[in-house]
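Step one of this worksheet: look at the structure below.
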Amino acid sequence: MLRTTLLVAALALASAKAHSQAPSPIRSAPTPSGSTLPAEGVGADRIGETSLPPSGVLGVTDAQLDPSYWVSRLPDADAVVLDARAIAALNGKVARLDPSMHDIRHFGATLPREQVKGWIEKLTRAPSKPLFDIEGKPVPAATVDGIMANAALDAVPAEVTPRYGMAVRRSALRGYPTDLRVFSHAGDTDIDRFQESTLFPGDPLVVVHASRDGHWLFVVSPRYAAWTHADDVAYGDAKAIFAHVDATPYRVITGAKPDTVYTPEVPALSELQLDMGTRVPLDTSVPPDQPVNGQTAYTSWTLSLPVRDANGDLSFHPALLQRNADSSADYLPLTRANVIRQAFKFLGERYGWGHAYNGRDCSGFVSDVYRSMGVQMPRNTRDQSISPGLEHTVYTDKDDHDARVKAAMALEVGDLVYIPGHVMMVIGKIDGQPYVIHDVGGMSYRRDDGSLRHVKLNAVSVTPLLPMMFDGDATFVDRMTSIVRIR
């Protein structure tokens with residue numbers, strides 16, 4: 001009998017740290033059981049094994065791995081779905097109504113201890129289940145105790161004076177002040193239970209606490225609050241920081257993760273990775289006929305990027321981004337064609353829980369795609385699926401199989417489909433069946449003889465939606481919790 005393994009957020013951590021607070025993938029292996037796919041009268045015929053390619057990924061051949069395949073099937077593919085004004089209104093609504101977002105621009109001069117400790121204790125709690133290290137050995141209780149002591153919760157003062165800063169490079173956001181990678185099961189080393197999310201260069205933040213050893217800072221950014229390396233943060237004046245964030249003109253990174261030009265003159269800005277959706281001001285202070293960091297700038301964009309000095313202070317310096325790297329003078333228009341093209345730029349990227357492995361997870365993937373078009377979404381799967389700032393349709397136990405399949409058949413390109421611990425993005429239909437692109441651990445489906453097959457993916461992948469099995473008894477559609485439509 002094959003074993004089913006579903007890894008959703010925070011299984012190994014305290015009960016308070018449920019998957020509603022952690023970035024969420026789904027990683028499933030099949031178990032045999034009786035379940036059928038929808039009949040023609042309800043939805044569509046199941047995809048038969050006659051269409052099975054050598055990869056084992058049902059219903060997907062090389063043609064479906066090209067974004068132009070999906071774009072060419074769309075009428076009015078380049079029609080604007082939401083214009084800049086509507087997107088700004090949507091972002092304002094999410095920022096105002098969604099409790100997972102943080103309005104760091106308007107923090108008070110001091111913050112009460114209860115608020116700061118609440119942010120920290122939301123993540124940093126003694127694990128309730130055994131954890132294993134990278135070698136598969138149990139993590140000793142003394143090690144965990146040392147990490148908890150390093151959080152220095154007893155040192156949070158009655159009134160905390162927030163310090164403003166910026167991330168100077170892509171930096172992990174951790175649930176605990178440690179680089180120790182820990183896992184729920186010995187030998188299963190893909191999902192580090194202490195990993196939460198990431199910061200990108202130029203992300204504004206507020207430092208509210210420091211670890212006892214001084215190597216870690218607990219920071220609050222607009223979309224997440226967690227621990228990060230102290231050396232990855234530069235301190236500055238709040239007014240100057242937000243002036244830089246809002247500065248024009250700018251470039252929006254539209255490639256998956258291009259690098260700045262190599263420069264020995266400023267090592268901190270040499271081959272610095274800039275991820276999709278990052279907005280970076282242009283440095284207009286350098287005359288166009290003068291070199292930047294030792295080379296001509298006319299073949300590149302001259303960016304203004306944050307740098308941390310030896311004292312931890314923030315300054316801004318020019319760096320070059322080649323013009324042939326994917327970037328834009330503004331956020332891309334939100335069209336169905338752009339949704340598909342941007343999503344496919346991540347195709348094949350390794351799955352990375354909490355943006356680990358220099359990649360991203362399922363919720364990070366969809367939010368980074370939409371971020372390149374100016375849409376700011378909550379960080380985590382559950383927060384996205386129930387956000388009061390987004391248009392969503394919720395499904396509960398009261399919704400039967402037929403109702404769910406009917407909703408799946410009505411999905412449109414760009415729609416986000418949520419199941420417990422996972423999110424998928426709709427890219428179109430083939431013979432009436434919806435297809436999705438998602439950052440996923442694997443694909444389980446029922447063979448023609450009724451048995452189940454599992455294909456490990458562990459990457460941004462294209463799959464049909466209807467055949468996907470959540471476990472031995474239910475399909476993804478049966479476990480659908482929400483559909484979010486960015487409209």
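At a Förster radius of 35 Å, what calculated FRET efficiency corresponds to the Cβ-Cβ distance of V394 and D309, to the nearest 0.05?
After rounding to 0.05, the efficiency reads 0.10.
What percent does the relative contact order of the stretch 72-175 come to when contacts are Cα pairs within less than 8 Å and at least six residues apart?
32 percent
Show that you can apply the helix-only estimate: for the chain, add -39,500 (n - 2.57) for every DSSP H stretch of four or more residues, divide by all residues, and state [θ] at 222 nm to the nearest 500.
Per the formula, -5000 deg cm²/dmol.
Given axes a ≥ b ≥ c from the Cα gyration tensor, I'd like to know whether the stretch 136-248 is rounded (a/c under 1.5), prolate (a/b larger than b/c) or oblate.
oblate
If the reach is capped at under 17 angstrom between alpha carbons, list the lysines near K122, excluding any in the same chain fewer than eight residues apart.
Straight-line reach from K122, under 17 Å: K17.
May I ask you to give the percent of accessible area on the stretch 177-321 that is carbon plus sulfur, with a probe radius of 1.4 Å?
Values: 2890 of 5540 Å².
Summing carbon and sulfur atoms, their accessible area is 52 percent of the total for the stretch 177-321.
Count charges around I104 for me, please; just the other residues with Cβ under 12 Å from its Cβ, Lys/Arg as +1, Asp/Glu as -1.
Values: positive: R105, R163, R223; negative: D103, D203.
Net charge in that neighbourhood comes out at +1.
Just want to confirm a number: the relative contact order over the chain, from Cα pairs under 8 angstrom separated by 6+ residues, in percent.
It comes to 20 percent, rounded to a whole number.
Please state the charge dipole magnitude for the stretch 217-265, taken about the Cα centre, from unit charges on C-beta atoms (+1 on K and R, -1 on D and E), reported in debye and rounded to the nearest 20.
The calculated dipole for the stretch 217-265 is roughly 260 debye.
For a Förster distance of 25 Å, can you work out the FRET efficiency between the beta-carbons of Y298 and R105, rounded to the nearest 0.05?
0.10
Bin width 10 Å, origin at 0, all Cα-Cα pairs of the stretch 56-208: what percent of pairs per bin?
Calculated over all Cα pairs of the stretch 56-208, the distribution is 8, 23, 25, 23, 15, 6, 0 percent.
Quick check for you: with a 1.4 Å probe and neighbouring chains kept, what is the accessible area per residue of the chain, in Å²?
40 Å²
For the stretch 350-487, which whole-number percentage of the solvent-accessible area (1.4 Å probe, protein heavy atoms only) is attributable to carbon and sulfur atoms? Let's see the in-between values first.
Details: 1770 of 3860 Å².
Carbon with sulfur: 46 percent of the solvent-accessible area.
Going toward the positive end of the dipole of the chain, with +1 on Lys and Arg Cβ and -1 on Asp and Glu Cβ, which of N358, N311, M409 do you reach last?
M409
Compare the Cα positions of A474, P378, Y395 along the charge dipole of the stretch 337-487 (+1 at Cβ of Lys, Arg; -1 at Cβ of Asp, Glu; about the Cα centre) and return the one farthest towards the positive end.
It is P378.
Can you tell me the dipole magnitude for the stretch 173-232 around its Cα centre, using point charges on the Cβ only (Lys, Arg +1; Asp, Glu -1), in Debye to the nearest 20?
For the stretch 173-232, the charge dipole is close to 200 debye.
Hey, what did the stretch 299-364 get for relative contact order, percent, Cα under 8 Å, at least 6 apart? Could you put the intermediate results ahead of the total?
On the way: 59 pairs, mean separation 12.5, N = 66.
It rounds to 19 percent for the stretch 299-364.
If you take the beta carbon distance between E114 and E265 as r and set R0 to 35 Å, what does 1/(1 + (r/R0)^6) give as a FRET efficiency, to the nearest 0.05?
Efficiency computed from Cβ-Cβ geometry: 0.15.
State to the nearest 20 debye the size of the charge dipole of the chain about its Cα centre, where the only charges are +1 on K and R beta carbons and -1 on D and E beta carbons.
540 debye
The values are calculated or read from the model by the stated rules, or taken from the named source; none is laboratory data. Everything quoted here is computed from the prediction, not taken from an experiment. Positions of Cβ are backbone-derived with ideal geometry, glycine not excepted, and every protein chain shown enters the neighbour counts. These area figures cover heavy atoms from the full protein model, side chains too; ligands, DNA and RNA do not enter into them. Shrake-Rupley method; radii C 1.70, N 1.55, O 1.52, S 1.80 Å.
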